[in-house]
Structure formats: C-alpha cells, structure tokens
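Please treat every number below as a calculation from the coordinates, not as lab data. Bear in mind that the values here come from a model prediction, so they are computed numbers and not experimental data. Reconstructed Cβ throughout: ideal geometry from the backbone, glycine too, with neighbour counts over all protein chains shown.
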Amino acid sequence: MKFHWTLTSFALVVFGTASLSSKAQGINDDAEETSAKYQVTLNRQVHPSFNSSIPNGPNSLTSEQDSMYTTSATAHWGFRPWTNGEMYFDPEMVTGVPFSGNLVGLGGFTNGEITRAAGVKPVFYRQRLFLRQTWGHGGDKEFIESDFNQLAGLVDKNRTVLTIGNFSTLDVFDGNSYAKDPRRQFQNWGNWTYAAYDYAADSRGYGWGFAAEWYSGDWVYRIGRMSTPLTPNAQALDLNLSQHFGDQFEIEHSYKVFNAEGTIRVLLYHDRSEMSSFNDATAYLISHNYPIQTGPDALIAVRQSNKDKFGVGINIEQSLSPSLGIFLRAMKSDGKTETLAYTEVDSSLSTGLLFKGDQWGRAEDAFGTALMIDWISADRLRFLQAGGVSFFIGDGVRNFASAPEQILESFYSYNINKNQWITADWQLIKNPAYNAQRGPVNVFGARYHLEF
C-alpha cells in the first residue's frame, strides 16, 4: 500500500490540488464557463486457492492464491469555447497488475479499472479529448449539474447534442443510475455495461468518433460511430471510419409507475473490422491435427477479411423508493467472430439492487448486490473445446465441461467525508471462463476513491 499512496500523492501534485470553476456572466448564475475536477482510485483484490480438476492452462485464472491491484489518477478539464459548446481534455495516470499477471481467465472481469493498467510502472496518457455542441429547440428548460466532463448550466429539454473526438462509447451510450461507475458502484465488468457489448475501442476502452443525441420529451434517440483497433484487442486505432467501425443506435424512454421514476433503453450495435470467425479457427485446428495452443495463433492465422458482428440489448432501471433502485441489463450478440475489443461473452444478463445509505442515517453510503450470468455461443464453444485459445480465455483442454459463468457481487461503500469513500467488495464466481471443471472462486476487494 505504501507504493500505492506514493503514486496517489504524485498524481495529486501533477494534476492539481483544487477543483476550479468559474461562472458564466450574464447567462446564469449557476452556469460554468470552466471546470477542473480530479479523481484518484485505488483497488486491491485477492482470491484464495480454488478447486480445479485440470491444470492451469495458457489463459486460465490461476487456481493458486493470487492478488491484483490498480491505481488511477485522472484530471477532467473543460471549458466553453463558444455559446453552447464544450471542450474537454482528460489526462490520466494508471498502474496495476491483474490476477495471473495477465488479463485472462474470466468472461466477467472483477475490476473495471484493469483494462487501463499496464504493469507496475505508471503510464501517463490522454484519456479523452472531445468537443460537445448543443442546439436547443425551445420549450421548457432543465438544469444540468456539474460533473466529470459536464459543465453546469441550463439547457432546453428538447435539444440535439453532438459529441465528436476522442472519448468512450460508454460516455454516451448505456447509462444507468444504479450500475455504471466502477469507481463508486459495482466493480465487475458485467455491472457497468453489458458484458456482451463488444463496443469498438482501443485496449483501454477509448476511441475516436462521433455520437449524436436527440432529446424530445421523455424520449432520447442516440446514434454513433467509433473507431476500431487496427487488430482485435490492440492499442493502436484504425481511423478509416468508412471501412472499419463500430456503430450503435439507442432509444431511451423515461416513465413513471405509481409516481416512481424508471427508464428503459434498447441498444443495437454493429462492428465491422478485420476479424476471424470461430468456425474458420476451429477448422484450422482440425486441419493441423489440433496443435497445442499457447495463444490466439489459430485466430490470427485465419484473420483475412472484414467481418460483421451484431448485438441487441435492453437496459432497465427502476426506482422502488427514493433510497432503493433496481436494474437489469440483457444482451445477445451473434457470437460468430472473435472479440474485437471488450470481453469474451456472447450473451449476458445482470440484475441487482442498490440501496442508498439514508435509510440508515448515512446518506452518502451505498450497498449493492447483483447477479450476473454470461454465456458463449455454440461457435465459440466448439473452438474452445477443440483446444483453442483466444485473447482472454482458453484452458487448452479439449471437450471441457461447459457451463454459464455465474457471478454474484455485493459491495458496501462507506463515505469518509465529502470527497472520499472506501468500499468493501465480494464476488463469487462459478464456472470461470465457462469451465465447470474449475471453481468456484471467491474474490475479496477493497477500494479507495477520492474526487474533488
């Protein structure tokens, strides 16, 4: 932990020691012209030894006791270059080491921060650089609160918003009040977006592109196109958005049931990039007499042309009381091609409850519990049972006993003061990487989060 706190102190010096904002004059007393916000998050997770009737494979979660950690420090800087325009720049420092020393062995990874970590040496990079422009269409107004990458101010309820530049698809799509932020809420990947959502991005989760939103009453319509990696799961991006891209379209509707607010979202995505199909990779293994795989060699060998991937998902959040909400996400992807940028999941379901601490006199505390179930397609299963290994999973065992990966997560977030939280997190994982011969795995975590 001494190493982690040293990094935290260093990040605070680099990114600044105060949150700065100034108010627009002559527009609205609460509108911001500039904003500077910062966050630091430290995660530590451990899992004891667990049962496995097979040896650890090339991409197995190690069955021996193991630990992992991440540290991130981020600055969020924004200003208004002109009326209704916003510009943001986010530099970030990350460090961390996953379980098994590599990001392998699970469909639903246990820490949403781990994609950006690259070892014990701190890495500094540009996380976001984007422009947002809003066009009002008149009518009633609503106030947008100040937040990370969001300047406070009045906007028309009926409006069009364009976001363009370097950002994450999840900055615009798949919002959810109860399960979205791995720094304050649930930590597992399957709880901060659809586990089966293979959205286009670099290996850290960001890309270049655009997204347009139309707000009209209780409805919101979103469409966007983002860059794909040059090769699946790579850091370098392919900026030829006419040939290789990740498209998404989302419809959102807000409603009330017995005066309790709820929102439903339906999302469709389409990736087009040079990817390999699982059936081609399986045929390659068979034609080469099932060679022992130590990496995604078979997938790389048959990656020769553009292919398409499709998926559709539904996202529901429902307030049951001012202090209690429930959420559900479910997505089905076609599962014919290798993972482009996200996880090794082809169908996913997550549902859970989030309790606010005002029920027990601690308004800034939160308790959450959720269940996730992840499945793989028949094409991916045949590849794995032929001894195939992809980027994140593959025990290298033929005809293993396949079963859905099931994850239970519970956490309690304790508010230390206005700006700091500590969180205890527990995850129980059954059939890690869809192999019934391994697990269950208990993962215990602690998280510290500072924002100002």
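Applying a 10 Å radius around every beta-carbon, put 145-152, 113-120, 433-440 in order of their mean neighbour count, most first.
Values: 145-152: 16.4, 113-120: 18.4, 433-440: 21.1.
My ranking of the peptides, most packed first, is 433-440, 113-120, 145-152.
Nearest 0.05, what FRET efficiency do residue 30 and residue 446 give at R0 = 41 Å with Cβ-Cβ as r? Could you put the intermediate results ahead of the total?
Numbers: r = 37 Å, r/R0 = 0.89.
Between residue 30 and residue 446 the formula returns 0.65.
Work from the charge dipole of the chain (Cβ charges, +1 for Lys and Arg, -1 for Asp and Glu, about the Cα centre) and give the residue of 352, 419, 45 farthest towards its positive end.
After comparing all options, I get 45.
Which whole number of Å³ per residue matches the convex hull of the alpha-carbon atoms in the range 267-359? Before the final figure, lay out the partial values.
Details: hull volume 11.3 nm³, N = 93.
Taking only Cα atoms, the range 267-359 has a hull volume of 121 Å³ per residue.
Looking only at the chain, where both bridge partners belong to it, what percent of the DSSP beta bridges are antiparallel (to the nearest 5)? Don't skip to the end; give the middle numbers.
On the way: 174 of 174 bridges.
Given both bridge residues lie in the chain, the antiparallel proportion sits at roughly 100 percent.
With no solvent and one point per C-alpha, what does the Debye sum give as log10 I(q)/I(0) for the range 228-271 at q = 0.17, 0.20, 0.26, 0.33 Å⁻¹?
Debye output, listed in q order: -0.62, -0.70, -0.90, -1.07.
Would you pull out the residues with amide H under 5 Å of residue 377's amide H, same chain only if 5 or more places away, H placed 1.01 Å from N?
So residue 377 has HN proximity to 346.
If you place +1 on the Cβ of every Lys and Arg, -1 on the Cβ of every Asp and Glu, and leave all else neutral, what size is the dipole of the chain about its Cα centre, to the nearest 20 Debye? Spell out each step's value before the answer.
On the way: 37 positive and 47 negative charges, 118 e Å.
It comes to approximately 560 debye.
What value does the chain have for Rg/Rh, both radii from Cα atoms and Rh as Kirkwood defines it? Show your work: numbers first, answer last.
Details: Rg = 22.0 Å, Rh = 22.8 Å.
Reported Rg/Rh (Cα atoms, Kirkwood Rh): 0.96.
Treating only the Cβ of Lys, Arg, Asp and Glu as charged (+1, +1, -1, -1), what charge dipole size does the range 154-224 show about its Cα centre? Round to the nearest 20 debye. Let's see the in-between values first.
Numbers: 7 positive and 8 negative charges, 37 e Å.
Magnitude of the dipole: close to 180 debye.
Over 5 Å intervals from 0, what percent of Cα-Cα pairs in the range 318-452 sits in each interval?
All Cα pairs considered, the percentages come to 2, 9, 15, 16, 16, 13, 10, 9, 6, 3, 1, 0.
So, with +1 on the Cβ of K and R and -1 on the Cβ of D and E, and no other charges, what is the size of the charge dipole of the range 326-452 about its Cα centre, to the nearest 20 debye? Could the numbers behind the result be given before it?
Numbers: 12 positive and 14 negative charges, 36 e Å.
Around 180 debye, computed over the range 326-452.
So which lysines can residue 141 reach, going by Cα to Cα under 21 Å and dropping same-chain residues fewer than 8 places off?
23, 157, 256
Give me the net charge for the shell around residue 139: Cβ to Cβ below 15 angstrom, other residues only, Lys and Arg +1, Asp and Glu -1.
Here the charged neighbours net out to -1.
Going toward the positive end of the dipole of the range 233-323, with +1 on Lys and Arg Cβ and -1 on Asp and Glu Cβ, which of 318, 243, 282 do you reach last?
The residue sitting most towards the positive pole is 282.
For 309, 256, what's the fewest-to-most ordering of other Cβ within 10 Å of each Cβ?
On the way: 309 22, 256 10.
Result, fewest neighbours first: 256, 309.
Over all directions, what mean area does the Cα convex hull of the range 107-148 project, stated in square nanometres? All intermediate terms of the calculation are to be shown ahead of the outcome.
Details: hull surface 25.5 nm².
Mean projected area for the range 107-148: 6.4 nm², to one decimal.
Taking the simple approach of a point 7 Å from Cα along Cα-to-Cβ for both residue 124 and residue 283, what is their distance in nm?
With each label point 7 Å from Cα toward Cβ, the separation is 5.0 nm.
Over the Cα atoms of the range 71-193, each weighted equally, I'd like the Debye log10 I(q)/I(0) at q = 0.21 Å⁻¹, rounded to two decimals.
-1.31
How large is log10 of I(q)/I(0) for the range 361-426 at q = 0.19, 0.27, 0.29 Å⁻¹ when the intensity is taken from the Debye formula with one equal scatterer per alpha-carbon?
-0.76, -1.12, -1.19
Separation between the residue 56 and residue 314 pseudo-spin-labels, each 7 Å from Cα along Cα→Cβ, expressed in nm?
My value for the distance between the label points is 4.1 nm.
Using the Cβ atoms and a cut-off under 12 Å, what net charge is assigned to the surroundings of residue 122, where Lys and Arg are +1 and Asp and Glu are -1?
Working: positive: 116, 121; negative: 92.
Net local charge, residue 122 excluded: +1.
Find which of 31, 129, 60 sits farthest along the positive direction of the dipole of the chain, computed with +1 on the beta-carbon of Lys and Arg, -1 on that of Asp and Glu, about the Cα centre.
Value computed over the given set: 60.
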